[in-house]
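In what follows, a single structure is set out as structure tokens and then discussed.
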Amino acid sequence: MKDYLAKLPLDEWRQATKELLKGSFLEEAWIDESMQVLGGQFSGASEVEVVLQLRSSDYRFSCDSCMGRFCPHVSALVEFYLEDPDSFMPIECSNRLINSLVKKSWGKYELKTRKRNLRSLKRKLEMMQDGLSLAEELYEQLFRLLPKVNSQEELFSLREQVERLGEYHLSGLVGEFKKVISSNKYSMLRLLVRLREDIAAIKKNLVSQLNSESLDYLDSESYALMGHIWKVDELAELHPPESGSFLQLAFRCEENNYLERLEDRAVWLNLKNGELCHSVNLRPYKSLRHLKAEDSSDMVLECHEYFRYPGKNNYRVRWQSAFARKEGVEDYRSVINYSREDWDVVIKEAKKHLQSPIKGSAILFLLKFERFELLNNEIFLRDQYEGALKLINGDSGELVSILRTLPKDVLRDGACLIEAIREENGAAIIFKALGLVSSTHKIRLTL
Ligand SMILES: [Zn+2]
């Protein structure tokens, strides 16, 4: 057993384990030599029960508070065993007992570093380029048809052609085209012009990547529009993985009828650097029965390593494992400290972002506020100077109702997560409050 345990990447785990298990101690530990099982109970900062089973080709574990590949409790349990095996109480387990204890599986820890196959990557990029030419044709076709269209039905034959973009690894554009085709006559032209700008930007990005000898991925949002599905090692190529602590500020589940899937989106603040980012969990309609929704969370996720997607603002993140701990007032204080007071600059940045192609139609920021003000059912967020930002009242007037039920002190001197969105007609920008953090509470402002 000792030999097997020594094969685990303990050196790699040690630092993260130390940080994450501050204030916890191993209260009880047990072992079943013949079944190759270790178990233990941690107390202190959190009460956690953990079981680890070693098998010939892999190992699996179950932990009350961790998910994914890395669990500091398992790491600590193994260290304790290697140091002092006699302190583990010998017990006899049955297969059934172990199976009831071990609910999650855990594969090998090491990231497999895949050799890049440049030839096949080049083929794929060239194919996408062909796909973009098709997209341009479709765009021209739509543009010519548009003034003559009287009903949605007349555009339905175009749908089939649009689907073909999926064969060129451009499934994201399939969704964008469908959005244009399904919209009403008035927003159609605006969406179409926007799509043309997007396609031009994607093309430029693709050409630059093809021109670099090693076909390096670029730090560009255009991959999201193409519908590129990133592999972990591709992301790691772009930005080496880092460690982070993520506090969730907002969560919502959206239906994407164009791509036939549900999209769980969460907004996070990385407490280590104050950056806002988001995570997306995609659930295709077809496999809905097997896939569970990711819940909204009131826990801070400590990630030993996370990967970031390309993009500058509110970039997307992903992690393969995380350790969850309860959030506390100290975390709320850091959120407020990270929130921005330079409202003028923030709003300028938002406008610029919303004007440029491929960046999407919304942007998030965290503002430090002094109070909320209700004036004849209009809502303003105010800073301690003269600043005032008009907020929309939600789709069904929910913001006013939510604000009215909250204690006064929660609505003072905190940080507010704001989403800036371009209005349907394209000109104006509207601001929506998604959540707030006061020195004592975290509150979601959307239903
Ligand atoms: Zn754990």
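Summary table
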{"read-out": "The stretch 118-222: Cα Rg divided by the 2.2 N^0.38 Å rule of thumb", "value": "1.16"}
{"read-out": "Eligible aspartates and glutamates near LYS272 by straight Cα distance, threshold 17 Å, same-chain separation 8 or greater", "value": "GLU19, GLU242, GLU302, GLU305, GLU327, GLU330, ASP331"}
{"read-out": "Cα-based shape type of the stretch 318-357, given that a ≥ b ≥ c are square roots of the gyration tensor eigenvalues and the cut on a/c is 1.5", "value": "oblate"}
{"read-out": "Computed lengthening from ASN281 to ASN150, 0.36 nm per intervening residue step minus Cα-Cα distance", "value": "43.4 nm"}
{"read-out": "Convex hull (Cα only) mean projected area of the stretch 337-444, reported in nm² to one decimal", "value": "7.2 nm²"}
{"read-out": "Helical contribution to [θ] at 222 nm, DSSP H n ≥ 4, -39,500 (n - 2.57), averaged over the chain, rounded to 500", "value": "-10500 deg cm²/dmol"}
{"read-out": "The chain - Debye-derived log10 I(q)/I(0), Cα point model, q = 0.11 Å⁻¹", "value": "-1.03"}
{"read-out": "Centroid-to-centroid separation of the stretch 213-255 and the stretch 64-89 [C-alpha atoms, Å]", "value": "32 Å"}
{"read-out": "Global geometry of the stretch 2-101, whether rounded, prolate or oblate, following the gyration tensor of its Cα atoms and the 1.5 cut on a/c", "value": "rounded"}
{"read-out": "Lone cysteines, the chain (no partner Cβ under 4.7 Å)", "value": "CYS93, CYS253, CYS277, CYS303, CYS416"}
{"read-out": "Contact order relative to length of the chain, as percent, for alpha carbon pairs under 8 angstrom and 6 or more apart", "value": "10 percent"}
{"read-out": "The stretch 239-327: relative contact order in percent, alpha carbon pairs under 8 Å with at least 6 residues between", "value": "32 percent"}
{"read-out": "Cα→Cβ-extended label distance, 7 Å offset, between ASN273 and ASP216, nm", "value": "1.7 nm"}
{"read-out": "Calculated from backbone phi, Karplus (6.51, -1.76, 1.60) coupling profile of the stretch 7-15 in Hz, x at Gly/Pro", "value": "6, 5, x, 5, 4, 5, 7, 4, 4"}
{"read-out": "Extension gain (nm, one decimal) between GLN141 and VAL329, 0.36 nm per residue minus Cα-Cα", "value": "62.0 nm"}
{"read-out": "Peptides 268-275, 126-133, 37-44, 1-8 ordered by average Cβ neighbours within 10 Å, highest first", "value": "37-44, 268-275, 126-133, 1-8"}
{"read-out": "Nearest-ten-degree value, helix 185-211 long axis tilted from longest Cα axis of the chain", "value": "60 degrees"}
{"read-out": "Fully extended contour minus Cα-Cα distance, from GLN384 to GLU19, at 0.36 nm per residue", "value": "127.7 nm"}
{"read-out": "Relative contact order [Cα under 8 Å, 6+ residues apart], the stretch 2-101, whole percent", "value": "27 percent"}
{"read-out": "Whether the stretch 239-327 is rounded, prolate or oblate, judged on the alpha carbon gyration tensor where a/c under 1.5 counts as rounded", "value": "prolate"}
{"read-out": "Tail beyond 17 Å, pair distance distribution of the stretch 357-412 (Cα, percent)", "value": "47 percent"}
{"read-out": "Fluctuation leader among SER243, SER279, SER222 - the chain, Gaussian network, Cα springs under 10 angstrom", "value": "SER243"}
{"read-out": "Local electrostatic count at SER361 - Lys and Arg +1, Asp and Glu -1, tallied over other residues with Cβ under 9 Å", "value": "+3"}
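Just so you know, all these numbers are worked out from the coordinates, no wet-lab data involved. Given the structure is predicted, the values throughout are model-derived calculations rather than measurements. So basically every Cβ, Gly included, is an ideal-geometry build from the backbone, and we count neighbours across all protein chains shown.
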